[in-house]
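Participant: Before I ask anything, here is the structure I am working with.
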Amino acid sequence: MADNRSFYNEILLDHNMHPGHKHELPDADMEMRGYNPTCGDDITMKLKLADGVVTDGAFVGSGCAISQASADMMLDLVIGKPKEEALRLADIFLRMIKGTASEEEIDELEEASALKDVSHMPARVKCAVLGWHTLEQMLNNEEK
C-alpha cells in the first residue's frame, strides 16, 4: 500500500505542478465549463476534433490538486483517440471511482489509474471526476 500511495502522490504532484495541458486553446472546436460549487473547482475544457478524433485539448481554471491533475491526466489519455474511445475511457474512469471497473479496464487508464483510491475519499470524488464529466458532456452533446 505504501508503494501505491507513493505512486499516487508522485503522479498527482507532477500533474498538478507541471500540467502539460493547462493553457488556452484559442482555436478549439468545443468548449465547456465544469464547476463544482461544493469546493470551488472551476475548469473550462477545450477540445479540437477532426474526423471524429480528439486532436488536441486543454483546460484553464482553478481548483484543488486532484481536480487539476485529473483533468491533465485525462487529456494525456484521450488526445489522439477517436471520440468513442475517449468516451469509453471516461466511462471506465467513472466506474473505477465507483468501484465497478475491472483491473484490466483500470490498467487502460495508465497514469489516471493512480486516482483509484480517491473512491475511498468521498469529499474528493467530485474533484477527481470533474474533468471527466465535462469531457463526457462535451462529446455527448457535440451534435447540438
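The values are calculated or read from the model by the stated rules, or taken from the named source; none is laboratory data. No experiment lies behind these values; they were computed from the predicted model shown. Heads up, the Cβs are rebuilt from the backbone with ideal geometry, glycines too, and the neighbour counts pull from every protein chain shown. Please note that ligands, DNA and RNA were not included when accessible areas were found on the heavy atoms of the full protein model with its side chains. Shrake-Rupley method; radii C 1.70, N 1.55, O 1.52, S 1.80 Å.
Participant: Using +1 at the Cβ of each Lys and Arg and -1 at the Cβ of each Asp and Glu in the chain, identify which of Ala71, Pro37, Gly61 lies farthest towards the dipole's positive end.
Facilitator: Pro37
Participant: Using the Kirkwood radius built from alpha carbon pairs, what does the Stokes-Einstein equation give as D for the chain at 20 °C and 1.002 mPa s, in µm² per second?
Facilitator: Numbers: Rh = 15.0 Å.
Translational diffusion coefficient: 143 µm²/s.
Participant: Turning to a different aspect of this structure: Aspartates and glutamates near Lys46 by alpha-carbon distance under 13 Å, same-chain residues fewer than 8 away left out - which ones?
Facilitator: Of all the aspartates and glutamates, those that pass the test against Lys46 - Cα under 13 Å, at least 8 places apart if same chain - are Glu24, Asp27, Asp29, Glu31, Asp56, Asp72, Glu136, Glu142.
Participant: To continue, here is another question. Hey, got the dipole for the range 47-136? About the Cα centre, +1 on K and R Cβ, -1 on D and E Cβ, debye to the nearest 20? Can you show the working numbers first?
Facilitator: Details: 9 positive and 16 negative charges, 100 e Å.
Dipole size: approximately 480 debye.
Participant: Let me ask you something else. With a 1.4 Å probe and all protein chains left in place, how much of the accessible area of the chain comes from carbon and sulfur atoms, in whole percent?
Facilitator: Carbon and sulfur together cover 50 percent of it.
Participant: Excluding ligands, DNA and RNA, what is the solvent-accessible area per residue of the chain at a probe of 1.4 Å, expressed in Å²? Don't skip to the answer; put the middle values down first.
Facilitator: Values: 7350 Å² over 144 residues.
That works out to 51 Å² for each residue.
Participant: Assuming R0 = 30 Å, what is the FRET efficiency of Tyr35 and Ser119, from their Cβ-Cβ distance, to the nearest 0.05?
Facilitator: The calculated FRET efficiency here is 0.85.
Participant: Based on the mean of other beta carbon atoms within 10 Å per residue, what is the order of 53-65, 13-25, most packed first?
Facilitator: Details: 53-65: 19.1, 13-25: 15.6.
Per-residue Cβ counts within 10 Å, averaged per peptide and sorted highest first, yield 53-65, 13-25.
Participant: Still on this model: Count neighbours as other Cβ atoms within 10 Å of each site's Cβ, and list the GluC sites (Glu not before Pro) in the range 88-144 that are DSSP loop with at most 11 such neighbours. Walk me through the numbers on the way to the answer.
Facilitator: Numbers: sites: Glu103, Glu104, Glu105, Glu108, Glu110, Glu111, Glu136, Glu142, Glu143; in loops: Glu108, Glu142, Glu143.
Loop-located and lightly packed - Glu143.
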